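The values are calculated or read from the model by the stated rules, or taken from the named source; none is laboratory data. Predicted model only: the values in this text are computed from it and were never measured. Heads up, the Cβs are rebuilt from the backbone with ideal geometry, glycines too, and the neighbour counts pull from every protein chain shown. Heads up: the accessible areas ignore ligands, DNA and RNA and are worked out on the full protein's heavy atoms, side chains in. Shrake-Rupley method; radii C 1.70, N 1.55, O 1.52, S 1.80 Å.
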Amino acid sequence: MCFVTPCSAGCCRPRARLPAETSPQRALPGIVLGTILVTVPLIAREPIPLMTEQGPDEELAAVTLGAGGWSVFRRVTLPNIRWALLHGMLLCNARAMGEFGAVSVLSGHIRSLTETLPLRVEALYNDDDFVGAFSAATLLGGLAIVTLVARTMLEHVIRAADRAGAIEEAGA
Amino acid sequence: MTLAIDGVTKAFGRFPALAGVSLEVRDGEFLSLLGPSGSGKTTLLRVLAGLDQPDQGRVLFDGADFLAQTARERRVGLVFQQYALFRHMTVARNIAFGLEVRPRATRPSAAKIRARVDELLTLAQIDGLGHRYPTELSGGQRQRVAVARALAVEPRLLLLDEPFGALDAKVRKELRGELRRIHDATGVTTILVTHDQEEAMALADRVALMNKGRMEQVGTPAELDTTPASPFVFTFLGETNRLACRVDSGQARFDGFAAPVITPREPADGAAVALFRPEDAALDGGTHAQGLPVRIVEIHGRGALRQIECLTAVGERLTVEVAEAFATGFTAGQPVRLTARRVVVEA
């Protein structure tokens with residue numbers, strides 16, 4: 001009967017496929033790897049166009065002033081791309097929270113053990129547990145807001161650090 | 001502390017940017033690398049800064065192999081056309097950068113760095129701008145910061161890559177004088193890359209004129225002016241008129257006058273094309289005047305000089321530059337006689 005209706009096929013398949021020897025411990029690296037693979041490119045997508053536009057002149061100037069590779073990266077490259085990098089990380093974080101496909105395949109889908117929030121929303125929804133599904137979805141929405149708040153706070157912290165540096169010099 | 005460049009070549013793909021360049025730069029000298037775009041002057045500067053490695057050739061600084069040292073080790077100050085200031089740092093931190101990145105053992109104390117920054121702010125005449133960010137400065141001010149930053153590490157060689165290229169004419173002139181003053185105050189050997197012949201001739205002790213990856217001529221501005229090594233040098237350094245002539249034992253003969261040939265030193269006899277500057281030509285409106293018969297077409301210009309455009313009988317257009325007081329004696333349409341006091345002959 002499982003093969004007859006598409007709906008029941010969708011509900012049954014993950015549980016039917018779960019082999020007995022799959023352990024939750026083994027699923028975690030899979031989830032992490034899958035998420036990294038799908039989301040980390042998003043971090044690079046923000047700073048790369050910025051760096052292309054800025055060109056290598058500042059780094060070259062730093063080298064001729066005697067800075068070594070690590071010093072150039074820490075003092076020149078990284079500060080120049082910090083906003084783009086921060087936004088990239090936020091995008092990456094948002095994607096990781098919402099990532100479904102890769103995790104769904106790799107996690108094994110064991111309730112409360114190897115599940116991520118989006119998977120849980122789907123599972124609850126498929127079980128007709130609408131209250132549960134909407135609660136979990138609301139939690140996801142809440143996390144998004146927390147991320148935005150965290151971002152604003154981070155920007156304040158970085159700006160304040162910049163200002164402190166400037167004031168210190170003005171005083172000097 | 002001389003810099004000796006010997007037979008340096010560098011090709012980008014099949015394009016030879018440097019085709020065997022040799023040059024000696026003296027200690028404390030202000031040398032200008034002049035040339036049209038694509039002549040290889042910026043490539044040579046990058047080789048000296050350690051940002052590019054040449055394919056062949058040697059560069060010795062004070063007898064030591066410069067090419068074996070990394071850009072970090074060379075202690076060369078480099079100033080870019082687009083300033084390349086660290087945009088997230090204040091002016092003071094920009095200037096202090098070269099000192100702050102030194103390893104702990106050789107790094108000056110914070111107080112010493114601050115004193116040095118103040119000293120450089122004064123030298124570059126940007127006192128009071130130390131707490132500003134590069135975006136809050138004008139182009140001229142930014143370039144002053146870039147020069148101060150390069151000087152902070154007490155470089156053995158100061159390299160400037162078209163430093164005034166992005167500035168307007170008035171600021172450019174002002175900064176030119178400043179740069180010369182800073183050079184004279186610090187005594188640092190300076191190489192200025194530019195395509196502006198006026199800038200090079202006005203600023204430098206010696207000018208090295210490059211063309212197509214080769215050194216055309218190296219000499220003082222006066223030497224380049226009075227004894228240009230080739231017609232290219234002559235045409236690159238100023239306006240020129242072209243006129244057909246006949247060369248005969250070192251003299252260029254025209255219809256009505258003759259002029260000494262300054263380049264090449266021993267011109268081949270026969271038909272040739274002569275080049276001469278508007279300011280080396282003269283007009284005479286007298287009835288018994290000697291010279292090439294021409295007709296004045298137009299008089300223009302302002303200030304102390306006037307350009308008088310003339311046409312020869314066969315339709316060649318020639319420009320003569322004269323003092324404003326002298327130009328009042330002429331009117332458009334008037335037949336006059338033209339002479340030139342020195343010419344260069346194209347091979």
Item to check | Selected residue (criterion: farthest from residue B:103 (Cα to Cα)) from residues of segment A:57-70 that are within 7 Å of another protein chain (Cβ to nearest Cβ) and surrounded by fewer than 19 Cβ atoms within 10 Å (Cβ to Cβ) | outcome: A:57
Item to check | Any hit, segment B:4-24, residues being in contact (Cβ under 8 Å) with a residue 60 or more places away in the chain and closer than 28 Å to residue B:116 by Cβ | outcome: no
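Looking only at segment B:145-200, filter to residues that are among the charged types (D, E, K, R) and open to solvent by less than 10 Å² (accessible area, probe 1.4 Å); which one of those is modelled with the highest pLDDT? Can you show your working first?
First, the residues of segment B:145-200 that are among the charged types (D, E, K, R): B:149, B:154, B:156, B:161-162, B:168, B:170, B:172-174, B:176, B:178, B:180-181, B:184, B:196, B:198-199.
Then keep just the ones that are open to solvent by less than 10 Å² (accessible area, probe 1.4 Å); that gives B:149, B:199.
On the way: B:149: 95, B:199: 90.
Going through the qualifying residues, I end up with B:149.
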Item to check | Output for segment B:89-109, where each listed residue is in contact (Cβ under 8 Å) with a residue 40 or more places away in the chain and out of contact with any strand residue (DSSP E or B) (no Cβ under 9 Å at 6 or more places or on another chain) | outcome: B:89, B:90, B:91, B:94, B:95, B:96, B:97, B:99
Next on the checklist: With the requirement that a residue be over 26 Å from residue B:141 (Cβ atoms), out of contact with any strand residue (DSSP E or B) (no Cβ under 8 Å at 6 or more places or on another chain) and facing another protein chain (nearest Cβ under 9 Å), what does segment B:59-88 give you?
Outcome noted: B:70, B:71, B:72, B:73
Checklist outcome for this item: Scanning segment B:89-113 for residues that are of a type in the set (A, V, I, L, M, F, W, C) and either within 7 Å of chain A (Cβ to nearest Cβ) or closer than 23 Å to residue B:126 by Cβ (or both) gives B:89, B:91, B:92, B:95, B:96, B:97, B:99, B:101, B:110, B:111, B:113
Item to check | segment B:298-317: number of residues that are part of a loop (DSSP other than H, G, I, E, B), touching a helix residue (DSSP H, G or I) at 6+ places or on another chain (Cβ under 8 Å) and open to solvent by 60 Å² or more (accessible area, probe 1.4 Å) | outcome: 1
Checklist entry - For segment B:318-347, what are the residues that are open to solvent by less than 50 Å² (accessible area, probe 1.4 Å) and either free of Cβ contacts under 8 Å to residues at least 12 places away in the same chain or in a helix (DSSP H, G or I) (or both)? => result B:327
Next on the checklist: Just checking, does segment B:119-135 include any residue being of a type in the set (Asp, Glu) and within 11 Å of chain A (Cβ to nearest Cβ)?
Outcome noted: no
Checklist entry - Looking at B:238, B:303, B:285, B:250, which is the one that is within 18 Å of residue B:201 (Cα to Cα) and of a type in the set (Gly, Ala, Ser)? => result B:238
Checklist entry - Residue check: is residue B:48 within 14 Å of another protein chain (Cβ to nearest Cβ), crowded, with 22+ Cβ neighbours inside 10 Å and more than 17 Å from the chain's Cα centre (by Cα)? => result yes
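Return the only residue of A:103, A:76, A:157 being out of contact with any helix residue (DSSP H, G or I) (no Cβ under 9 Å at 6 or more places or on another chain) and either more than 10 Å from chain B (Cβ to nearest Cβ) or buried (at least 17 other Cβ atoms within 10 Å of the Cβ) (or both). Full working, then the answer.
Details: A:103 fails: out of contact with any helix residue (DSSP H, G or I) (no Cβ under 9 Å at 6 or more places or on another chain); A:76 fails: out of contact with any helix residue (DSSP H, G or I) (no Cβ under 9 Å at 6 or more places or on another chain).
After ruling out the rest, the residue left standing is A:157.
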